[in-house]
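The values are calculated or read from the model by the stated rules, or taken from the named source; none is laboratory data. The model shown is predicted, which means the values in this text are computed figures rather than measured ones. Methodologically, a virtual Cβ is constructed for each residue, glycine included, from the backbone with ideal geometry; neighbour enumeration extends over all protein chains shown. When the accessible area is computed, the model is the full protein with side chains, heavy atoms only, and any ligands, DNA or RNA have been set aside. Shrake-Rupley method; radii C 1.70, N 1.55, O 1.52, S 1.80 Å.
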Amino acid sequence: MHSPPQQPHRNGETTSYPIPNHPFHSTVSLRKLRRFNYLILVFRIASFSFSLASFIFMLSTSRGPNSPRWYHFDAFRLVVGANAIVALYSLFEMVASVWEISRGATLFSEVLQVWFDFGHDQVFAYLLLSADSAGTALARVLKGRDTCTAWNAFCIQADVSIALGFLGFLFLGFSSLLSGFRVACFIIKGSRFHL
């Protein structure tokens, strides 16, 4: 039986599996791979957008000199920090996705890129989920006190920020599923490509 030719990696290693630029790779497979990469990019853009919007909404919650501020509450500080971290991470991953789509190669070696994406997607998704859960619990407590009757705009804006954070988590979770699929493909086939 004839085995596929050795293909050089970006980092100099060789493999015995076909890569997308191999002359015998079908154009249908390349289109599927391109669609998969664009889907990951869309999820990264959505995660970035919602996390950044959540961060901005929480920062702009104060409406007057005596209004409560987000930094007076530990849970809201966690929401701001987690959304800022996820927005920065998503921005980095958007750049990495655009690089991969345009150049056909990953920023890091393939094995490192696959595990980097999956591990960080998992960690930051759980960070965002826990921060938004803590923010939700605090928002519910504030609704039972005089804070939300006296400063209704503060509570509404905090609720919007937390909801946007949950949407950021949702799209980061979708990205995590796709990066998990890439890890599974890498373990099974020796390549992040599922083709």
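At 1.4 Å probe size, with every protein chain present, just tell me what the per residue accessible area of region 57-195 comes to in Å².
Values: 6710 Å² over 139 residues.
Value for region 57-195: 48 Å² per residue.
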(request) Would you kindly compute the Cα radius of gyration of region 100-139 and its largest Cα-Cα separation (Dmax), both in Å? (result) 15.4, 46
(request) Give me the net charge of G180's neighbourhood, meaning all other residues with Cβ under 11 Å from the Cβ of G180; Lys, Arg count +1, Asp, Glu -1. (result) -1
(request) Could you please state how large a percent of the accessible area of region 55-195 is carbon and sulfur, counting protein chains only and using a 1.4 Å probe? (result) 70 percent
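Can you give the FRET efficiency to the nearest 0.05 for A184 and H72, using r as the Cβ-Cβ distance and R₀ = 45 Å? Could the numbers behind the result be given before it?
Working: r = 45 Å, r/R0 = 0.99.
Efficiency, rounded to the nearest 0.05: 0.50.
Express in nm, to one decimal, how much length is gained between N37 and L88 on full extension, taking 0.36 nm for each residue of separation and deducting their alpha carbon distance.
On the way: separation 51, 0.36 × 51 = 18.36 nm, distance 1.98 nm.
Result for the pair: 16.4 nm of gain on full extension.
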(message) What distance in nm lies between label points placed 7 Å from Cα along the C-beta direction at V98 and L177?
(response) 2.7 nm
(message) If you average the C-alpha positions of region 42-100 and of region 131-195 separately, how far apart do those two centres end up, in angstrom?
(response) 11 Å
